[in-house]
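Every number in this text was worked out from the coordinates using simple rules, so none of it is lab data. This one's a predicted model, so the numbers in the text were calculated from it and none came from an experiment. Glycine gets a Cβ as well: all are built from the backbone with ideal geometry, and neighbour counts include every protein chain shown.
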Amino acid sequence: MMERIWIETKTKQYPLFLGEGVIESLPDILRQLSFSERTKVLIITDQTLERLYLPKLRALLADDYEVFAHVIPGGEEAKSFEQYYACQTTALQCGLDRKSLILAFGGGVVGDLAGFVAATYMRGIRYIQIPTTLLAHDSAVGGKVAINHPIGKNMIGAFYQPEAVVYDIAFLRSLPEKELRSGFAEVIKHALIRDRDFYEWLRREVRTLADLKGERLQYCIKKGIEVKASVVREDEKEAGVRAHLNFGHTLGHAIENELGYGAITHGDAVAIGMLFALFASERVYGVSFAGHHFSSWFRTYGFPVSLPQQLQATRLLAKMKGDKKARAGTVRMVLLKDIGAVEVMSLDDETLLALLYEFSRREEGKQ
């Protein structure tokens, strides 16, 4: 069953189409969005999807549109200036103009890169997100597009909303387990920061990753998107509550950067980051989440629950201080006061280092 969810921000309202087989409706969706025949369409995708699905997508559009494709390597390292430049070159060579359309066909990496290409090509042309991973249920909604810099993740980017999101859950069948787990970390995040009922549903209904299929999978995606959409509606450009979506990401991004992009999945890094944020929340607020057994719960899905041994706390702190959310070199972490209740807290270097050391020792002792 196809569901339509409206994403609203201060600058734009656009539809998200969710369900099994919704990609078949893409030509009709483009007509609804007033894309005329013979519009030039550039599909940006990665090498895996090129092999699995690109011929079908091109065939869907070939009768009505002038279709081109640009293929990038797979993995986080593709969110680079070199790949961004290559996409821009293809757009120019294909003669895209301000009436043209970019389709971001892939996971979060493709969505972030293609969205940033769209935001900057001729000062902005229209684009549609076609996510193919569970992780992209988060990144495809809300209009944050970016590429990485060796010094930090997503440091070069823009806020640029798509025309629509077309989310066919059939694409998720081809995901390897580690990528499904990576996306599920963001589902957990959405439940923890804003929806206690959804959190309790996850604990009850998703006992293993094998449960993420059919109606359960679609419900997870829908609820995650609804949380993301509610936050973006309040705060499009991260001036306030949108920062809550970074729960687990301050340390998570630092881990990704220190290990090297692609060495650990985004979701695995964020899972460690969430556990650290929960640990820090207990220390800062004097609360206890012991009854939730978060580490044990995360382990049931295969998430890592401790810092990789080769990482040094001092270097992680330096990366955290370079995070976009830091102010004047002070780390601002999203902490959990209770399930569904978060706030952003500034933590000084001494406190953070002590917390990192203590967290590392505690989690290693549970192994």
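What list of whole percents do you get for P(r) of segment 158-259, with Cα-Cα distances grouped in 5 Å bins up to the one holding the largest distance?
P(r) for segment 158-259, in whole percents per bin: 2, 10, 19, 22, 20, 17, 8, 1.
What does the charge count near Ala62 come to, summing +1 for each Lys or Arg and -1 for each Asp or Glu among other residues with Cβ under 12 Å from its Cβ?
In short, -1.
Once both axes come from the Cα atoms, what is the angle between helix 214-234 and the longest principal axis of the chain, in degrees from 0 to 90, rounded to 10?
80 degrees
For Val287 and Gln47, FRET efficiency with R0 = 35 Å and r from the beta-carbon atoms, rounded to 0.05? Kindly include the intermediate steps, with their values, before the conclusion.
On the way: r = 46 Å, r/R0 = 1.31.
FRET efficiency, Gln47 to Val287: 0.15.
Which Rg and Dmax, in Å, describe the Cα atoms of segment 1-142?
Cα-based Rg and Dmax for segment 1-142 come out at 14.2, 40 Å.
What is the fewest-to-most order of Ser25, Ser34, Ser346, Ser281 by other Cβ atoms lying within 10 Å of their Cβ?
With the fewest neighbours first, Ser25, Ser34, Ser346, Ser281 line up as Ser34, Ser346, Ser25, Ser281.
Just want to confirm a number: the relative contact order over segment 184-233, from Cα pairs under 8 angstrom separated by 6+ residues, in percent.
44 percent
For segment 231-345, what is Rg from Cα atoms divided by 2.2 N^0.38 Å, rounded to two decimals?
With N residues counted in segment 231-345, Rg over 2.2 N^0.38 Å equals 1.05.
What ranking do Glu50, Glu256, Glu350, Glu205 get, fewest neighbouring Cβ atoms within 10 angstrom at the top?
Glu350, Glu205, Glu50, Glu256
Checking the table Lys79/Lys319; Lys189/Lys321; Lys56/Lys213; Lys79/Lys213 against a 27 Å threshold on Cα-Cα, which pairs fail?
Lys79/Lys213
Using every alpha carbon pair in the chain, what percent of pairs falls into each 10 Å bin from 0 up to the bin containing the largest distance?
Answer for the chain: a P(r) of 5, 25, 34, 23, 9, 2, 0 percent.
Taking other Cβ within 10 Å of each residue's Cβ, how do His70, His190 sort, fewest first?
Listed from fewest to most nearby Cβ atoms, that is His70, His190.
If you put +1 on each Lys and Arg Cβ and -1 on each Asp and Glu Cβ, how big is the dipole of the chain around its Cα centre, in Debye rounded to 20?
Its charge dipole is roughly 360 debye.
Using a Gaussian network for the chain with springs between C-alpha atoms less than 10 Å apart, which of these wobbles most: Ile151, Ile193, Ile102?
Ile151
Note down the nm distance, to one decimal, between modelled labels 7 Å out along Cα→Cβ at Lys56 and at Arg327.
4.8 nm
Using Cα pairs under 8 angstrom and six or more residues apart, how large is the relative contact order of the chain, in percent? Before the final figure, lay out each step's value.
Numbers: 643 pairs, mean separation 52.2, N = 367.
Relative contact order, the chain: 14 percent.
Using modelled backbone amide H atoms (1.01 Å from N, in-plane), which distant-in-sequence or interchain residues come within less than 5 Å of Gly248's amide H?
Val334
Arg362 to Glu234: FRET efficiency via 1/(1 + (r/R0)^6), r the Cβ-Cβ distance, R0 30 Å, to the nearest 0.05?
0.30
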